[in-house]
């Protein structure tokens, strides 16, 4: 009787092991199909058609096409008139290319985009505030091939700035290190939009304190460069999409994330960006 039970138990263990092996073998295919299903929700042909329109002779920085899709192309001014965006159609497109600019204006425009459940489409480049705000403006974003999305640590004279970069030294003569926190020096800002910015990140990020987002790899390189130079300098970086699910509530799909620092350098040269860009592998 004991032998029979042992044999039965052995068969049960064997069947369980075989089942587990099959699951492990099929898991990569399941993940691939899941990824394909996510990408299928995006309309690539529609996005490229919208970008083709945006590259034409249209009003900038904001234009609205006849079919109710919207373009933003250019730096974000402090007092941006966002009234044109209110005509954006439900489930429309927010096609964006921008070097960055004013956070308050970017938030005001992004809130309209989200209210319309628009899809954000990034082409060519999206830097600074564009990456921090426009990339997660709505519920889903599609980054076209050869588009460079970059973040940086901003510097400001406004001591109320919620995320600002400065350098400190513990003792005289020691190398200064990168610190993040309220800005020091300058006059108190009069913009009055920081509460709106706080709400923006609470609604769109898993943890609002992860602004601007980076990786440990990027942070180490940026910190060492600040320490070497001893002065603030604008350093941009990419961020690998594998981090996005733990950072952003927005679903973001890259048509093709850069594969190397060399590719990023080529993109930076083609786009004529005046500062260095760190590639996050």
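The values are calculated or read from the model by the stated rules, or taken from the named source; none is laboratory data. The model shown is predicted, which means the values in this text are computed figures rather than measured ones. Cβ: placed from backbone, ideal geometry, glycine included. Neighbour counts: every protein chain shown.
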- Message: Quick check on this structure: which one of 244, 279, 226 is buried (at least 19 other Cβ atoms within 10 Å of the Cβ) and without any contact (Cβ under 8 Å) to a residue 12 or more places away in the chain?
- Response: 244
- Message: Considering only region 152-170, I want to know if a residue exists there that is surrounded by 15 or more Cβ atoms within 10 Å (Cβ to Cβ), closer than 28 Å to residue 267 by Cα, modelled with pLDDT of 60 or more and under 13 Å from the mean Cα position of the chain (by Cα).
- Response: yes
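So in region 229-241, with the set limited to residues that are surrounded by fewer than 19 Cβ atoms within 10 Å (Cβ to Cβ) and under 23 Å from residue 267 (Cβ atoms), which one is modelled with the lowest pLDDT?
233
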- Considering only region 110-131, how many residues are touching a strand residue (DSSP E or B) at 6+ places or on another chain (Cβ under 7 Å) and farther than 18 Å from residue 148 by Cβ? 3
- For region 183-203, state whether one or more residues are modelled with pLDDT under 90, touching a strand residue (DSSP E or B) at 6+ places or on another chain (Cβ under 9 Å), exposed (fewer than 14 other Cβ atoms within 10 Å of the Cβ) and part of a loop (DSSP other than H, G, I, E, B). yes
- Only one of (1) in contact (Cβ under 8 Å) with a residue 40 or more places away in the chain; (2) more than 20 Å from residue 126 (Cβ to Cβ) does not apply to residue 253, and that is (2)
- For region 252-281, how many residues meet the condition of being more than 10 Å from residue 146 (Cα to Cα), touching a helix residue (DSSP H, G or I) at 6+ places or on another chain (Cβ under 6 Å) and part of a loop (DSSP other than H, G, I, E, B)? 2
- Item | Sole exception among (1) under 18 Å from residue 137 (Cβ atoms); (2) surrounded by 14 or more Cβ atoms within 10 Å (Cβ to Cβ) for residue 217, by number | (1)
- Go through (1) modelled with pLDDT under 95; (2) out of contact with any strand residue (DSSP E or B) (no Cβ under 7 Å at 6 or more places or on another chain); (3) assigned to a helix (DSSP H, G or I) one by one and return the number of the condition residue 221 breaks. (2)
- Give me the pairs: first residue in region 49-68 and at positive phi, second residue modelled with pLDDT of 90 or more and surrounded by 17 or more Cβ atoms within 10 Å (Cβ to Cβ), beta-carbon distance under 6 Å, and six or more apart or on different chains, which are they? 68/92
- Just a yes or no: is a residue in region 39-47 in a loop (DSSP other than H, G, I, E, B), closer than 24 Å to residue 254 by Cα, at pLDDT below 90 and over 18 Å from the mean Cα position of the chain (by Cα)? yes
- Query: Residue check, residue 146 against (1) part of a strand (DSSP E or B); (2) at pLDDT 90 or above; (3) over 22 Å from residue 86 (Cα atoms), all met but one. Which one?
  - Reply: (1)
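If the requirement is being surrounded by fewer than 22 Cβ atoms within 10 Å (Cβ to Cβ), in contact with a helix residue (DSSP H, G or I) (Cβ under 7 Å, 6 or more places away or on another chain) and in contact (Cβ under 8 Å) with a residue 40 or more places away in the chain, which of these qualifies: 111, 146? Outline the logic, then answer.
Working: 111 fails: in contact with a helix residue (DSSP H, G or I) (Cβ under 7 Å, 6 or more places away or on another chain).
On inspection, the qualifying residue turns out to be 146.
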